[in-house]
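The values are calculated or read from the model by the stated rules, or taken from the named source; none is laboratory data. Computed from a predicted model, the values in this text were never measured in an experiment. FYI the Cβ positions are ideal-geometry reconstructions off the backbone, even for glycines, and counts take in every protein chain you see. Side chains are part of the model used for accessible areas, which takes the heavy atoms of the whole protein and leaves out ligands, DNA and RNA. Shrake-Rupley method; radii C 1.70, N 1.55, O 1.52, S 1.80 Å.
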Amino acid sequence: MEDDCIFCKIIKGEIPAEKVYEDDNFIGILDINPESEGHTLIFPKKHFESFLDMPSSLGSEFVDAIKKVSLGLVREGKAKGFNIVFNVYKVAGQEVPHVHAHIIPRKSDDGCKLKLVGGLRDKKMRSLK
Ligand code: 5GP
Ligand code: ZN
């Protein structure tokens, strides 16, 4: 746990979040600023700064959690496909330094124009102003 980490605070219940998934080592919450309806963030309960800092031994459990949430969204008719994204380090757009996967549900003609890949969020938002 890192004292000043938003996601550690969510895990501890110090910051509210809409939890959509939980198992022994991972949690899934809805993104506060979604790219599409159902945009979910999956992250380990233990703090690791990024995908590269997380032990590979957690990898298959991480994949399982991502698959369970994604398949649930398909079953509920909320997605026909996904963009599954890891931003790794600040230069690539990682704003929260606690490893997380973005699950972004997609449907045909959903009008979703991803802004988070490659750290372009701020730049794109600025260019839209
Ligand atoms: P990153 O840029 O680190 O890959 O993505 C971090 C994501 O966390 C962003 O999409 C952002 O909207 C989301 N986020 C940041 N703070 C909070 C929060 O307090 N609650 C929730 N639910 N999502 C957050
Ligand atoms: Zn953390």
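Looking only at region 12-35, filter to residues that are over 14 Å from the mean Cα position of the chain (by Cα) and either aliphatic (A, V, I, L, M) or open to solvent by 100 Å² or more (accessible area, probe 1.4 Å) (or both); which one of those is farthest from residue 69 (Cα to Cα)? Top of the filtered list is 14. Mind counting the residues in region 45-69 that are in contact with a Gly (Cβ under 7 Å, 6 or more places away or on another chain) and open to solvent by 50 Å² or more (accessible area, probe 1.4 Å)? The qualifying residues number 0.
Taking region 23-51 as the range and being among the polar types (S, T, N, Q) and in a strand (DSSP E or B) as the test, only 40 passes.
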